[in-house]
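**Student:** Please see the structure below; I have some questions.
The values are calculated or read from the model by the stated rules, or taken from the named source; none is laboratory data. The shown structure was predicted, so the numbers you read here are calculated from the model rather than taken from an experiment. Glycine also receives a Cβ, built like all others from the backbone with ideal geometry; neighbour counts cover every protein chain displayed. Accessible surface is based on the protein model in full, side chains and every heavy atom, while ligands, DNA and RNA are left aside. Shrake-Rupley method; radii C 1.70, N 1.55, O 1.52, S 1.80 Å.
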Amino acid sequence: MLSHWLEKLQMTDLSRVVDDPAVWAPIHRIAGTLDKALPELFAPDYDQRLEAARQRLRSED
């Protein structure tokens, strides 16, 4: 979930969401690290895995 959210965040105008440019580099670095560490992101069933994760996280509320 975090990786997906970070990817969406990077696709937006970061200045609209994060007002301090000093934070942008770490956001990109964290996202890149997750991309390298999580091969599941490139699995053919990624969308189903992402939805299952959403459901698991929502049920903990």
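**Student:** One residue is enough: does segment 22-37 have a residue meeting the conditions among the hydroxyl-bearing types (Ser, Thr, Tyr) and either open to solvent by 70 Å² or more (accessible area, probe 1.4 Å) or touching a His at 6+ places or on another chain (Cβ under 9 Å) (or both)?
**Tutor:** Filtering segment 22-37 down to residues among the hydroxyl-bearing types (Ser, Thr, Tyr) leaves 33.
So of that shortlist, the ones also either open to solvent by 70 Å² or more (accessible area, probe 1.4 Å) or touching a His at 6+ places or on another chain (Cβ under 9 Å) (or both) come out as 33.
Checking segment 22-37: at least one residue is among the hydroxyl-bearing types (Ser, Thr, Tyr) and either open to solvent by 70 Å² or more (accessible area, probe 1.4 Å) or touching a His at 6+ places or on another chain (Cβ under 9 Å) (or both).
**Student:** Select from segment 1-21 the residues that are assigned to a loop (DSSP other than H, G, I, E, B) and farther than 17 Å from Phe42 by Cβ and write down the one among them that is most open to solvent (accessible area, probe 1.4 Å).
**Tutor:** So the first thing to find is which residues in segment 1-21 are assigned to a loop (DSSP other than H, G, I, E, B), and the list is 1, 12-13, 18-20.
Now drop any that are not farther than 17 Å from Phe42 by Cβ, which leaves 12-13, 18-20.
Values: Thr12: 68, Asp13: 80, Val18: 26, Asp19: 140, Asp20: 70 Å².
The selected residue is Asp19.
**Student:** Go through the residues of segment 32-50 one by one and say whether even a single one is in contact (Cβ under 8 Å) with a residue 40 or more places away in the chain and outside any helix (DSSP H, G or I). Full working, then the answer.
**Tutor:** Step one: filter segment 32-50 for residues in contact (Cβ under 8 Å) with a residue 40 or more places away in the chain, giving 50.
Next cut, outside any helix (DSSP H, G or I) only: none.
No - not one qualifying residue is present in segment 32-50.
**Student:** Output the residue which, of all residues in segment 38-61 that are among the small types (Gly, Ala, Ser) and over 14 Å from the mean Cα position of the chain (by Cα), is least open to solvent (accessible area, probe 1.4 Å). Break it down stepwise before answering.
**Tutor:** Applying the first criterion (among the small types (Gly, Ala, Ser)) to segment 38-61 yields 43, 52-53, 59.
Next cut, over 14 Å from the mean Cα position of the chain (by Cα) only: 43, 52, 59.
Details: Ala43: 24, Ala52: 42, Ser59: 90 Å².
Ranking the qualifying residues of segment 38-61, first place goes to Ala43.
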